[in-house]
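To start, the structure itself, in structure tokens.
The values are calculated or read from the model by the stated rules, or taken from the named source; none is laboratory data. These figures come from a predicted structure and were not determined experimentally. FYI the Cβ positions are ideal-geometry reconstructions off the backbone, even for glycines, and counts take in every protein chain you see.
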């Protein structure tokens, strides 16, 4: 079974990389609107300027830059996001550990970083691809989404109290961190399965993550050099709204094409 999965993973990866054989530089932003390209460069510029002004460490600057690019690629439904996601998730885990935000560290080192490979495996399956580089966008029913919210409430309570508080003794943004941990897992699984509703959860996650870091900044338990992280999370919040709109449009367009 494992050998079959690995063989399929290799084949799908090889096929994707082979598609770049005839790649031309004018194809870089193929399918992107002028507004989307502008948004990408504005995010990169803001991230760079903030890192320079706050004299942030190199790891924070690199994470912030890769994270923004990664999330915009996700919003566009681009398979390439998982390559960048592996590096950005690992860097964020290190930053969280350095600042004793253990919930974020555990989430990113044990879940998000390794799950990038799973996401790549699922998205690169031809059955889940709309084009050679863009995934098919799906929708959840209202009943399914409400069930997910109930699961979140139960799991977040258990995770926050028994793991973050009892085991690690965390006090910085405890409530927000426990919610982020659980919601992030579910949101990522929805992302891997290509459901547009993932973006509703990412909006919640980004708001709570900003609260976590601001809580530490106000309490002076986190250095001001981490302001780029807060700025990055703010930009990802805006991007989550854009991502939801983008995926709804993708789903509508792809559904019409199937009917035709």
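Checked against (1) crowded, with 19+ Cβ neighbours inside 10 Å; (2) closer than 22 Å to residue 176 by Cβ; (3) modelled with pLDDT under 90, residue 88 meets all criteria but (3).
Annotation for the range 122-137: at least one member residue is part of a helix (DSSP H, G or I), modelled with pLDDT under 90 and within 16 Å of the chain's Cα centre (by Cα). Could you tell me whether residue 73 is assigned to a helix (DSSP H, G or I), in contact with a helix residue (DSSP H, G or I) (Cβ under 9 Å, 6 or more places away or on another chain), surrounded by 16 or more Cβ atoms within 10 Å (Cβ to Cβ) and modelled with pLDDT under 85? So residue 73 fails the test. The set of residues in the range 168-198 that are under 24 Å from residue 128 (Cα atoms) and in contact (Cβ under 8 Å) with a residue 60 or more places away in the chain comprises 184, 185, 188, 191, 192, 193, 194.
Note on the range 100-115: residues that are surrounded by fewer than 18 Cβ atoms within 10 Å (Cβ to Cβ) and either closer than 19 Å to residue 211 by Cβ or at pLDDT below 85 (or both) total 1. Selection within the range 21-57: residues that are outside any helix (DSSP H, G or I) and in contact with a helix residue (DSSP H, G or I) (Cβ under 9 Å, 6 or more places away or on another chain). The member of this set that is modelled with the lowest pLDDT is 29.
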